[in-house]
Each structure stands twice: as structure tokens, then as C-alpha cells.
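Heads up: the structure comes next, in C-alpha cells.
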Amino acid sequence: MMPTAIRTAILGAFALTALAACKPEAKTPEQNPATASAASSTASAPAATPASSPETTTSLNAAAAPKPQGPGTDMRKEDIGGDFTLTDGDGKPFSLSDLKGKVVILSFGYTHCPDVCPTELLTYSDTLKQLGDQAKDVKVVFVSIDPERDTPEVISKYVKQFNPEFIGLTATGDQSLPVIKQQYRVVSSKVVQKEDSENYLVDHSSGAYLIDKNGEVAIFSPYGSEPATIAADIKKLL
């Protein structure tokens, strides 16, 4: 059996991707439809870092040279994930367990992200196209790690620019985002720009979890994965 320390380090290298530094040039499909479709295939993948907390994770430049990504990492033997409840675009409680019977692409980010999040959401939209009729059994869920600015209305409008079927969730009231981040080993760190406390970026874990029809985390798909690669992994779960 593999020693626990080594096994943990390997898991960290795959499941906890580096905090994704954002570039201000990227735009959403609504802002720049001419380049939107190209973004999903040209985005680069930041190197993985075996980190356990924001303090030990180093921010990396998401504009590094693109690196090809193979199939995602099987996570089924790892203690990660679980149900949670946040608020959807209608201001109503929404639980991950509401999607049992579907395969879920679960990612974390925020609406002011200028590069990584738009690229990932474009990729997941292209992934659904790759799946054809099978896309009806797949849901994309985008969880905000910036609930201070991402109200239910804001997060809903944002994700639906990429695909009208995407589900945007944010924390309201006593819903605990830190607990959910811990469940999925997501780290984030606010980066204040100059003296304007309202104008900030958030470095955060990138990539997505593919959750099977029973609501269990099955595969980790790193940032930079091609739509066809993600689609192939999803087909294993359908």
C-alpha cells in the first residue's frame, strides 16, 4: 500500500491546482463574441501545486504556454466532496443532491474573474456540444467564491451568458462557503488592487470536479483540459 504521506502529496498535486492568477484582457462571450469560441481551446494550464491552504499555495500566471491535458484524475477513492446547499439565481436554496441522476461538472470561481473563469465556462459549454444528445444528462454548476459581490441575480446572469442551462450558486445568509471550500479542497485569496477595497481580484483553485449520478466526486478535470477530453471522461459516468 502506498504510504499515506506520498499518497496525500500526489492527491494534492492533482486535486489542488495552483491559485489561478487572472489576466485583465479576457472577456465573456457577451463582451467579445468574436473570440469567445477560441478561448476554450487556447487557454493555458497553470502547473499544479501540492498545497493544503492559501498560505502554502503560490499564485501562478495563467498566461503561461498552453500544455496538453490528458484524461482527468480518478478521485473515487479519495475522501472529498459531499452535498451542500447554496442559493441559486432565483434566490432559492439549491442543493447539489437536487441533481442526483445527472452527471455534474462542478467548478468554483467568481464573476469578476477576467481570465480563468470565462475560459473554463466556455470550455464546459463546448463540452456539452461534444456530448450531443447525452448533454441532457449533464449539468454545469458554477459556485462563487466571492459572495460579497456575486449576488444570486449577478451569478445567474453571468453563467447564462455562456450557456442558458448553466447553474450559478452563491452563499447567502448563514450558508457557509468556507465549509464547502473545505469539502472540495478549494482555496482562494483576495488580492486588493491599489487602495480601492471594492476593486479586487481573487486568486483561486481552478479546474472542475466531475460528479457521478450518485452525487459522488469521480474525476478531477484540470484547468486547460480540452472539451473533447472532458466529454470523454463524462461518458464514462453516464
Inset, instruction - Go through the range 123-149 and count every residue that is closer than 21 Å to LEU201 by Cα, aliphatic (A, V, I, L, M) and open to solvent by 20 Å² or more (accessible area, probe 1.4 Å). - result: 0
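State all residues of the range 220-237 that are touching a helix residue (DSSP H, G or I) at 6+ places or on another chain (Cβ under 8 Å) and closer than 24 Å to GLN183 by Cβ; if no residue qualifies, say none. Let's see the steps before the verdict.
Residues of the range 220-237 that are touching a helix residue (DSSP H, G or I) at 6+ places or on another chain (Cβ under 8 Å), as a first pass: 220-223, 225-228, 230-231, 234-235.
Hits for the range 220-237 are PHE220, SER221, PRO222, TYR223, SER225, ILE230, ILE234.
Just one of GLU148, GLU120, GLU153 is acidic (Asp, Glu) and under 17 Å from SER221 (Cα atoms); which is it? Lay out the reasoning, then the answer.
Details: GLU148 fails: under 17 Å from SER221 (Cα atoms); GLU153 fails: under 17 Å from SER221 (Cα atoms).
None of the others qualify; the one that does is GLU120.
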Inset, instruction - Give me a count of the residues in the range 171-193 that are in contact with a Pro (Cβ under 9 Å, 6 or more places away or on another chain) and at positive phi. - result: 0
Legend entry - Close pairs (8 angstrom Cβ cut-off, 6 or more residues apart or separate chains): assigned to a helix (DSSP H, G or I) in the range 156-169, buried (at least 21 other Cβ atoms within 10 Å of the Cβ) and of a type in the set (D, E, K, R) anywhere: TYR158/ASP150
Legend entry - Flag for GLY168 being open to solvent by less than 50 Å² (accessible area, probe 1.4 Å) and small (Gly, Ala, Ser): yes
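Considering only residues that are assigned to a loop (DSSP other than H, G, I, E, B), open to solvent by 50 Å² or more (accessible area, probe 1.4 Å) and either touching a strand residue (DSSP E or B) at 6+ places or on another chain (Cβ under 8 Å) or farther than 23 Å from LEU96 by Cβ (or both), which ones fall in the range 188-235? Reasoning before the result, please.
Of the residues in the range 188-235, the ones assigned to a loop (DSSP other than H, G, I, E, B) are 194-195, 205-207, 212-216, 222-226.
Applying the additional criterion that residues be open to solvent by 50 Å² or more (accessible area, probe 1.4 Å) yields 194-195, 213-214, 216, 226.
If the condition is that a residue be assigned to a loop (DSSP other than H, G, I, E, B), open to solvent by 50 Å² or more (accessible area, probe 1.4 Å) and either touching a strand residue (DSSP E or B) at 6+ places or on another chain (Cβ under 8 Å) or farther than 23 Å from LEU96 by Cβ (or both), then LYS194, GLU195, LYS213, GLU226 are the ones that fit.
To keep it simple, each residue is scored yes or no on (1) assigned to a strand (DSSP E or B); (2) among the aliphatic types (A, V, I, L, M); (3) open to solvent by 10 Å² or more (accessible area, probe 1.4 Å).
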position	(1), (2), (3)
ASP79	no, no, yes
LEU86	yes, yes, no
SER97	no, no, yes
GLY101	no, no, yes
ILE105	yes, yes, no
CYS113	no, no, no
LEU121	no, yes, no
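Name the residues in the range 163-180 that are within 14 Å of the chain's Cα centre (by Cα) and under 23 Å from GLN130 (Cβ atoms), would you? First the steps, then the outcome.
To start, the set of residues in the range 163-180 that are within 14 Å of the chain's Cα centre (by Cα) comprises 166-170, 180.
If the condition is that a residue be within 14 Å of the chain's Cα centre (by Cα) and under 23 Å from GLN130 (Cβ atoms), then PHE166, ILE167, GLY168 are the ones that fit.
The values are calculated or read from the model by the stated rules, or taken from the named source; none is laboratory data. Just so it is clear, the model here is predicted, and its values are computed rather than measured. Cβ sites come from the backbone with ideal geometry, for glycine too, and all protein chains shown count toward neighbours. Surface areas here come from the heavy atoms of the whole protein model, side chains and all, with no ligands, DNA or RNA. Shrake-Rupley method; radii C 1.70, N 1.55, O 1.52, S 1.80 Å.
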